[in-house]
């Protein structure tokens with residue numbers, strides 16, 4: 001008996017869309033120039049990279065120069081959190097108890113480096129308590145990192161309310177939006193998001 005495979009793990013990764021593959025093919029065979037090189041292929045790569053940067057920026061209402069390409073969501077989370085920590089050298093970071101491991105483990109690492117870390121509780125539906133968040137912010141708080149949509153239970157946090165609170169308290173706000181990008185509209189200016197992590201492999205990209 002033959003069994004038909006049913007793939008139910010799109011939350012972890014998605015199949016690359018056939019249209020994406022067609023667009024990418026020339027870059028494996030013909031347009032393989034290093035975007036930092038000054039020859040024709042390199043310049044073409046650079047122009048295409050900048051075009052991609054502009055497309056993403058427009059989608060989230062950001063500036064093209066604010067878009068940084070990484071290898072994926074986990075590296076983006078690491079870069080965002082450790083980047084802020086490196087600038088301040090010391091301080092207090094707030095996150096939740098149900099973040100992606102790349103956030104949880106990074107915060108645990110920074111705690112060993114002397115940073116104070118607060119892990120917020122969540123209710124039975126996975127939502128943080130905004131009052132607890134507000135009460136947790138101190139003069140030493142340098143960053144709040146709360147994911148937009150949870151990768152396991154699907155809870156969508158009220159990032160606009162979180163961003164507004166962070167702006168009022170003059171604290172940087174980072175959100176892991178890997179699961180929500182393209183599924184939920186995100187305006188980084190409206191939501192007062194300072195840093196945001198995205199990943200193409202969750203949306204049928206490479």
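Only the coordinates and a few stated rules stand behind these numbers; no lab work does. Remember, it's a predicted structure, so these values are computed and weren't measured experimentally. In this analysis, Cβ positions are derived from the backbone assuming ideal geometry, glycine residues included, and neighbour counts consider all displayed protein chains.
Quick one: helix 73-88 against the long Cα principal axis of the chain, what's the angle to the nearest 10°, folded into 0 to 90? Approximately 50 degrees, to the nearest 10.
Counting only alpha carbon atoms, the long axis of helix 18-29 and the longest principal axis of the chain meet at about 70°.
With the simple model of a label 7 Å out from the Cα in the direction of the Cβ, residue 170 to residue 182 spans 4.0 nm. Length available on full extension from residue 161 to residue 201: 0.36 nm per residue minus the Cα-Cα distance, which gives 11.6 nm.
Once every DSSP H run of n ≥ 4 in the chain is given -39500 (n - 2.57) and the sum is divided by its residues, what mean residue ellipticity at 222 nm do you get, rounded to the nearest 500 deg cm²/dmol? All intermediate terms of the calculation are to be shown ahead of the outcome.
Details: 6 runs with 78 residues, N = 206.
Calculated from helices alone, the mean residue ellipticity at 222 nm is -12000 deg cm²/dmol.
Extension gain for the segment residue 9 to residue 68, taken as residue separation times 0.36 nm less the Cα-Cα distance, is 18.5 nm to one decimal. Taking the C-alpha atoms only, the angle from helix 40-60 to the longest principal axis of the chain is near 40 degrees.
Placing a label point 7 Å from the Cα of residue 44 along the Cα-to-Cβ direction, the residues of the stretch 3-29 whose backbone N falls under 11 Å from that point are 26-29.
Among the DSSP beta bridges whose two residues both lie in the chain, what percent are antiparallel, rounded to the nearest 5? Mind dumping the intermediate values first?
On the way: 2 of 17 bridges.
Looking only at bridges with both residues in the chain, the antiparallel portion is about 10 percent.
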